[in-house]
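Take this structure first; my questions come after.
The values are calculated or read from the model by the stated rules, or taken from the named source; none is laboratory data. In this text the structure is predicted, and so the values were computed from the model without any measurement. We place every Cβ from the backbone using ideal geometry, glycine too, and count neighbours over all the protein chains shown. Surface areas here come from the heavy atoms of the whole protein model, side chains and all, with no ligands, DNA or RNA. Shrake-Rupley method; radii C 1.70, N 1.55, O 1.52, S 1.80 Å.
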Amino acid sequence: MEKRDSLVVFTSKTLKLEVSTSDILSVKKVESSSFRNGKYWFPNPHYTRYLFGPSAFNLKKGEGYYQNIYGVINSVNFGITDHFTFGGGTELISLFSGYPILILNPKLGNYTIGNKLNAGGGAFLGLTKDGMLGIGYGIITQGTEDKNITLGLGWAFSSEGSLETKPVVTISGASRISKNISFITENWLIPADGYQPFFSYGLRFFGERIAVDIAFINSPDIAKDA
């Protein structure tokens with residue numbers, strides 16, 4: 001309500017609070033779109049990735065996160081710039097067996113090509129004692145960090161010189177349904193005997209600095225054998 005040389009005054013219906021400017025570490029503008037029905041919704045803490053595959057959004061420069069999948073796959077990703085993120089990690093079973101699989105994940109993103117339309121690309125690389133294998137991919141994301149859909153195409157390759165001529169196709173999406181919950185889906189078409197579909201769907205629960213996914217994976221073969 002008031003700002004003096006050494007004092008900032010805040011008020012609510014029942015409270016008046018005076019804060020010394022020397023006690024304020026930082027000031028951040030909060031957009032009106034961050035308020036839903038009068039309640040503040042903090043920014044989505046994990047908008048760059050679905051259950052496994054990426055969106056075309058990137059980490060901002062200096063941001064980073066640690067990710068654990070099934071308690072076995074561990075990785076760290078860090079924003080080198082607003083457009084380039086680099087990640088790496090390992091898989092624990094191979095690590096303790098003496099022949100660790102190293103995972104590298106360079107990614108370009110945050111390139112706006114239209115109204116709420118972003119593009120990116122990168123690679124998932126696995127380094128083993130027998131060589132390297134991976135997938136190079138390109139992605140397009142339509143929407144916002146809270147509600148979006150992504151189309152991706154990726155080509156598998158290995159250090160032995162093999163290259164898959166048919167792309168892996170991914171269609172993924174996320175929709176924030178409350179302050180702390182998003183619906184999330186990630187769906188794959190794998191080029192094997194034509195194309196084999198795999199579907200996944202679940203919920204992401206999050207706070208300001210953490211996110212936990214609970215999801216199901218399915219395919220026609222899994223459903224047939226159930």
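I want the local charge near G120. Using Cβ-Cβ distances under 15 Å, sum +1 for each Lys or Arg and -1 for each Asp or Glu among the other residues.
+2
Another question about this same structure. Over what distance in Å are the Cα centres of the range 139-203 and the range 112-128 separated?
Result: 11 Å between the Cα centres.
Spin-label point model (7 Å from Cα, Cβ direction): what's the F10 to I149 distance in nm?
Between F10 and I149, the label points sit 4.0 nm apart.
Please list K13, K147 in order of solvent-accessible area, largest first, computed with a 1.4 Å probe with all protein chains present.
Working: K13 210, K147 135 Å².
Sorted descending by solvent-accessible area, the residues read K13, K147.
Then there's this: Ordering T165, T170, T81 from largest to smallest accessible area (1.4 angstrom probe), what's the sequence?
Sorted by accessible area, descending: T165, T81, T170.
Kindly provide the pair-distance distribution of the range 55-173 built from C-alpha pairs, with 5 Å bins from 0 and whole-percent values in order of increasing distance.
The calculated distribution, bin by bin, is 2, 11, 17, 19, 22, 15, 8, 3, 1, 0.
Can you give the accessible area of I171, probe radius 1.4 Å, in Å² rounded to 10?
Per-residue accessible area (I171): approximately 80 Å².
Right, another one. Once you sort the root eigenvalues of the Cα gyration tensor of the range 113-226 as a ≥ b ≥ c, which label holds: rounded (a/c under 1.5), prolate (a/b larger than b/c) or oblate (the other case)?
Values: a/c = 1.79, a/b = 1.41, b/c = 1.27.
Taking the square roots of the gyration eigenvalues as a ≥ b ≥ c, the range 113-226 is prolate.
Which sequence of E91, E145 reflects their accessible areas, 1.4 Å probe, from the largest down? Intermediate results must be reported in sequence, preceding the final value.
Details: E91 35, E145 65 Å².
Largest accessible area first, the residues go E145, E91.
I want to verify the translational diffusion coefficient of the chain in µm²/s; compute it with Stokes-Einstein, Rh as the Kirkwood radius over Cα pairs, at 20 °C and 1.002 mPa s.
This corresponds to a translational diffusion coefficient of 106 µm²/s.
Ignoring ligands, DNA and RNA, what percent of the 1.4 Å accessible area of the range 101-226 is carbon and sulfur?
The C+S portion of the solvent-accessible surface of the range 101-226 is 66 percent.
Given the rule -39500 (n - 2.57) for each run of at least 4 DSSP H residues, summed and divided by the residues of the chain, what is its mean residue ellipticity at 222 nm, to the nearest 500 deg cm²/dmol?
-1000 deg cm²/dmol
For an R0 of 22 angstrom, estimate the FRET efficiency from the Cβ-Cβ distance between F205 and V76 and round to the nearest 0.05.
Values: r = 21 Å, r/R0 = 0.97.
According to the calculation, E is roughly 0.55.
Can you tell me the length gained on complete extension of the stretch S97 to E160, counting 0.36 nm per residue apart and subtracting the Cα distance?
In short, 20.3 nm is gained.
Exceeding 26 Å between C-alpha atoms, which entries from my cross-link table qualify? They are K3/K147; K28/K107; K107/K129.
Working: K3/K147 37 Å; K28/K107 28 Å; K107/K129 24 Å.
Flagged as over cut-off: K3/K147; K28/K107.
For N77, what charge total do you get from the other residues with a beta carbon under 15 Å from its beta carbon, if Lys and Arg give +1 and Asp and Glu give -1?
+3
Okay, next question. Once the principal axes of the Cα atoms of the range 20-119 are found, what is the range along each, listed largest first in whole angstroms?
The Cα atoms of the range 20-119 stretch 55, 41, 28 Å along their principal axes.
Which value, in Å², gives the accessible area per residue of the range 16-158 when a 1.4 Å probe is used on the protein heavy atoms?
Accessible surface, normalised per residue, equals 58 Å².
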